[in-house]
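Heads up, the thing below is written out as structure tokens.
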Amino acid sequence: MARRRSLDILLVSPLAPSKLLGGNFYFRLPFLGLPTVAAYTPPGDRVRIVDEKVSPIPWEPKPDLVGITAMTPLAPRAYQIADRFRAMGVPVVMGGMHPTVMAEEALRHADAVVVGEAEGVWPRVVEEAREGRLSGLYLARDRPDLAVARPPRRDLLEAGRYLPVTFIETSRGCPHACRFCSVTRFFGGRHRTFPVDDVVAQLRELRPTERRFALKNCVFFVDDNIIGDPDHALALFEAIRPFRLKWFGQASISLAERPDLLEAMAASGCLGLEMGFETLCEDAEARRIGKPVRDPKDVLEAVEVIRSHGIGLQGSFIFGFDHDDPGVFERTARFVDRARLNAVYVGILTPYPGTALHARLRKEGRLLHERWEEYDTAHVVFRPRRMTPRQLLEGYHRVLRHVYSWRSMGRRLLGSRVGMNFFVPMNLGFKVSLRRFLRDAAAE
């Protein structure tokens, strides 16, 4: 019997556009996508991960197979990398959110494209690459069974180049059908969970309790909504309580209506949550975004309920919906200060390919272009309905200047006094990034 050839596999995360606000601040945070794929590489093959944000791509010696992941604004750089490796005679596989929804485009730069979550098809991709017969599209027809999922190969990341924050995934999928969001298209509309025992096992192995200073015990749960399955969330919070973590995650505002979840979350060490408020408008047109909308007064009450449990909030807002007029910027800035949000993310509505929003705007002839590197929530790539593209961009910049002014930061942080050792550095990081971001934007 012929001896099985071992492959040298290189997995690449491309460099993000430098103009993204927070690029410096988020620069050194680890990620889970490629380490998860690496965990499904057949035994006997060598696999490496290079994150271009922290290390240059090793073009030599040539690997036997290259895998490249790409979200939409990273796609142009991903294609450059793929083209260069293919010119060297190295087969390339692409995957991730952008290649999943733009598979034909990606195939112009790759020998194969994985559509959807890769765990179920990656072993076959590697075996067929070994045999020299990569075959175009590899469709992940079934969702991975998270009950038997393998832990990510975090050991393949250059740990010393990242902030020592532990990233852990406890669930995937989202039942909401937000027309601007690509999560449901990629991960499905059903909330799926990892076994709580597996999450606990990862915490034991990763030992976040051994770190020092502010990052000791610091964990970020990357789920889009950690309370999407309330029973699972309650079991999780109870199980992680002995670790005495300081953790951050993402949740829906409906959390305020569940005192049992709030109490368990606070007791488990939750320091803060990101919440997608998106819009403060509640009229019929606002409901077209596909996400439940609430009266701003109700949002304020919910914020106070959550913060009363010692949990800080980063509010997320999007500008450019069809119901937004030029007054939306001032209204949002006032709300941010009144709510004393511990941190704020604001972005421009971005019609990512594969979303219902992209399809509608294309049909209406409102897309300005499809230069993917500008599909990054920081550029206007479509014609808004109630303002000009320039008004949208300039209003977005005004809100950024306001929320990360010393006055607003002082009012918000000193007014809430929740998680100060976490949220003060976060705000300062955004403020430092903002200066460079606005300078680069003015030069465009």
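Overview of values
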| read-out | value |
| --- | --- |
| Test result for PHE430, in contact with a strand residue (DSSP E or B) (Cβ under 9 Å, 6 or more places away or on another chain), surrounded by 14 or more Cβ atoms within 10 Å (Cβ to Cβ) and in a helix (DSSP H, G or I) | yes |
| Every residue from region 240-261 that is touching a strand residue (DSSP E or B) at 6+ places or on another chain (Cβ under 9 Å) and within 21 Å of VAL299 (Cβ to Cβ) | PHE248, GLY249, GLN250, ALA251, SER252, ILE253, LEU255 |
| Among residues of region 126-149, those that are touching a residue at least 40 places away in the same chain (Cβ under 8 Å) and loosely packed, with under 13 Cβ neighbours inside 10 Å, counted | 1 |
| Restricting region 230-257 to residues that are in contact (Cβ under 8 Å) with a residue 60 or more places away in the chain and assigned to a helix (DSSP H, G or I), the residue that is surrounded by the most Cβ atoms within 10 Å (Cβ to Cβ) | LEU236 |
| Among the residues listed as ARG439, ARG385, ARG435, ARG390, the single one being assigned to a helix (DSSP H, G or I), at pLDDT 95 or above and either of a type in the set (D, E, K, R) or not assigned by TED's automatic domain parsing to the domain that holds GLY96 (or both) | ARG390 |
| Condition met for ILE226 (under 18 Å from GLY173 (Cβ atoms) and either of a type outside the set (S, T, N, Q) or outside the structural domain of CYS174 (by TED's automatic domain parsing) (or both)) | yes |
| The one condition in (1) assigned by TED's automatic domain parsing to the domain that holds GLY320; (2) within 20 Å of PRO35 (Cβ to Cβ); (3) in contact with a helix residue (DSSP H, G or I) (Cβ under 6 Å, 6 or more places away or on another chain) that PHE187 fails to fulfil | (3) |
| Members of region 170-185 that are surrounded by 18 or more Cβ atoms within 10 Å (Cβ to Cβ) and either of a type in the set (Ser, Thr, Tyr) or within 15 Å of the chain's Cα centre (by Cα) (or both) | THR170, SER171, ARG172, GLY173, CYS174, PHE180, CYS181, SER182, THR184, ARG185 |
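The values are calculated or read from the model by the stated rules, or taken from the named source; none is laboratory data. Predicted, not measured: the structure shown is a model, and the values here were computed from it. Don't worry about glycine lacking a Cβ; one is built from the backbone with ideal geometry, like all the others, and counts go over all protein chains shown.
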